[in-house]
1. Looking only at helices (runs of 4 or more DSSP H) that fall completely inside the stretch 67-167, which ones have 3 or more residues that are within 16 Å of Ile36 (Cα to Cα) and not small (Gly, Ala, Ser)?
2. Return the pair list, or none, for Cβ contacts closer than 6 Å from residues in the stretch 165-183 that are closer than 29 Å to Lys327 by Cα to residues that are part of a helix (DSSP H, G or I) and of a type in the set (Ser, Thr, Tyr), at least 6 apart or on different chains.
3. Just checking, which of Leu528, Leu539 is touching a residue at least 60 places away in the same chain (Cβ under 8 Å), touching an Asp or Glu at 6+ places or on another chain (Cβ under 9 Å) and crowded, with 24+ Cβ neighbours inside 10 Å?
4. Check Ala7, Ala29, Ala33 and return the single one that is farther than 26 Å from Ala172 by Cα and in contact with a Leu (Cβ under 7 Å, 6 or more places away or on another chain).
5. Report every pair of residues separated by at least 6 positions or lying on different chains whose Cβ atoms are under 6 Å apart, first residue within the stretch 359-376 and in contact (Cβ under 8 Å) with a residue 24 or more places away in the chain, second among the hydroxyl-bearing types (Ser, Thr, Tyr) and in a loop (DSSP other than H, G, I, E, B).
6. Looking at the stretch 211-322, what helices (runs of 4 or more DSSP H) fall wholly within it and have at least 2 residues that are closer than 23 Å to Val102 by Cα?
7. For the stretch 433-462, which positions are of a type in the set (Ser, Thr, Tyr) and in contact (Cβ under 8 Å) with a residue 12 or more places away in the chain?
Amino acid sequence: MDNSKFAEKVVVVTGSGTGIGQAISKKFAENGASIILLGRRKEPLEQTSSELEKIVSSTGGKGKIRIFPGVDVSDEVAITNMFETIAKEVGPIDILVNNAGVSGPVKLFTNSNFNEFKECVNIHLTGTFWTTVKCIENMRKDSKIITISTFFTEENKYEQRPYRFRTPYTSAQGAKNRLAEAFAWELVPDGIQSVATNPGPVHSDRIYKTVYPKAAAEFLRIGGFPGLSSVEIEKTLQRLLNVLGEDQAHIDKEIESVLQDVFIERIKSQDDKAKLATTLAEILSKTQEIAEKIQLNTKKMIVDKEFLSQDQVAEMVLNLSTEKMSKLLNGRVIPNDRVFYPTRPIVGTSIHQDVADISNKVIVLAINSTAEKDLKRAKSIASSLLKKVKQLVILTKDNKDMNHFKDFHAHSLNLSSEDSVKRMFDVVSEKFSAVNGVILLTGEHDYDVALKSLDRKQWDQLVVNYLLVPALITRESATHMAAKGAVTEPSLFKGSTGSIIIVGPDSPIGDKISGVVRARSEIFRGALRPFNATVNQELRDVIKSDIRQYLLLPGNIEGREPNQDKINNTILSIISQADSGNNQTIFYVDES
């Protein structure tokens, strides 16, 4: 074995205590590198460190192993302090592997917890951003950044891969792919390469014990199970999934506990208790059956019907970190999966339909920007709608912008506040008896600003504006377009109608647009496209609603100013068709 390939190299691997991160760390240790391990839990890191020390000793290498326990990549202070310590006590870093991640909530987005959504995005996207920014301060020329994302956010010309029940995961990973590309462009003057890789399904406890069983549980919550309500299914499986695969004594003990905590009011006799216990045992068995079916169906889409091993992913990362491969593939997202994943084409440039009568529609127009350009766009959209709809409600981000809409029914509120947004939608629904269409203008940010110059507060605000607010508005819009109680009883979504339209962020404008500017402009567009695909698959295929979420991305590759008339007409066309049967939900209106 040539164990000197990475001799004298210092490698930082995030989330390295278990799973893929641990496998990557071992592979670098086998090849002579010094490894810095970090993660939230101390025990796995210590165990991994011990294993790496044995590898170094057995190969005769000189690599050093160091651990930083209690470091969550989403924690600004912890990451900043860690890299300051590394700079003082270890020296420059040669390779950063952005591997840390969580499965996140496996939940229908209409029933999702907003705090869990934010946590998932903070770890996958913000954690990758901040770790990279702080690491490059201590990287020398010819250093490498390898970012691990997911094949579910791979983008094709007219397609976008949805990943049902995983909206925060897919949107964060989609942005992460584009972020890796943008860093590659931006770091050319520093001589640092940035490459991303998208593993397909990988053999791991996370996928077998968490993702697939939780997805199975969600299918049952939505589809129903004899003798149990949707709420009871949810409460039951939240508990019973913890003992899935355990011996029967553990399962029986947890069933007994669930009976006491969840079903105590339904139990009037021993016979009632025995029947419910049988039902709980049956639903747990059904969950396992569905989880295994999901796994089998995924394997059928792989050429040799085999998931990747963690060691294979580690081998890919090792190869991408070599001088030859990193320079050859700099700025690319490399597929590391063999999954043939058929999807519907969803990208279009225009809607070919005349505007129908929309005089009975209640429309909400939200402006998540205070920029004059965005307020002007909002006023143009509002004016095109005003006399055509039953009621138009305008929501501004800042009270001082209300004077732009003094001729309209307008309010100002914090669009990133879950309570404020929910309360406003409740009021609109009660006052006007419906919410038929919602339009959100994201606004745009300055693409000339370097990513590495952003402080954490500035980055966090970008995430709020271009991912968290769209997610919150989409969820509240969909739940208020359905029958009351649909959040806890998904069958009530069936047949409900409505249109949710996210407008922006725009393409860059100008005669000569550099590659780095184009790459920066795609980061949050790259979050919203997979978000749109996943949300619509759930709305259409899972809960059988006619609610749709549309993404309008103004601007074009020539850098021309967006055509406001096209934006207005597209919005009018979308609102006037409850469900045209058209698959297209992402529109580049200025490319038509």
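1. In the stretch 67-167, the matching helices (runs of 4 or more DSSP H) lie at 76-89, 127-136.
2. These pairs meet every condition: Thr170/Thr153; Thr170/Thr534; Gln173/Thr153; Gly174/Thr153; Lys176/Thr128; Asn177/Thr153.
3. Working: Leu528 fails: touching an Asp or Glu at 6+ places or on another chain (Cβ under 9 Å).
Answer to the selection: Leu539.
4. Working: Ala7 fails: in contact with a Leu (Cβ under 7 Å, 6 or more places away or on another chain); Ala33 fails: in contact with a Leu (Cβ under 7 Å, 6 or more places away or on another chain).
The conditions single out Ala29.
5. That search, which allows pairs on different chains as well, returns Asn368/Thr442.
6. Values: elements: 212-223, 230-240, 248-262, 270-299, 310-320.
Passing ranges, in order: 212-223, 230-240, 270-299, 310-320.
7. Within the stretch 433-462, the first condition is being of a type in the set (Ser, Thr, Tyr), and the residues that meet it are 433, 442, 447, 453.
Within the stretch 433-462, Ser433, Thr442, Tyr447 qualify.
Okay, residues lined up against (1) farther than 30 Å from Arg178 by Cα; (2) in contact with a helix residue (DSSP H, G or I) (Cβ under 6 Å, 6 or more places away or on another chain); (3) not in a helix (DSSP H, G or I):
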residue: Ser420; (1), (2), (3): yes, no, no
residue: Val438; (1), (2), (3): no, yes, yes
residue: Gln458; (1), (2), (3): no, no, no
residue: Leu472; (1), (2), (3): no, yes, no
residue: Ala483; (1), (2), (3): yes, yes, yes
residue: Thr488; (1), (2), (3): yes, yes, yes
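The values are calculated or read from the model by the stated rules, or taken from the named source; none is laboratory data. None of the values given here were measured: they were computed from a predicted structure. Every residue, glycine among them, receives a Cβ derived from its backbone with ideal geometry; neighbour counts consider all protein chains shown.
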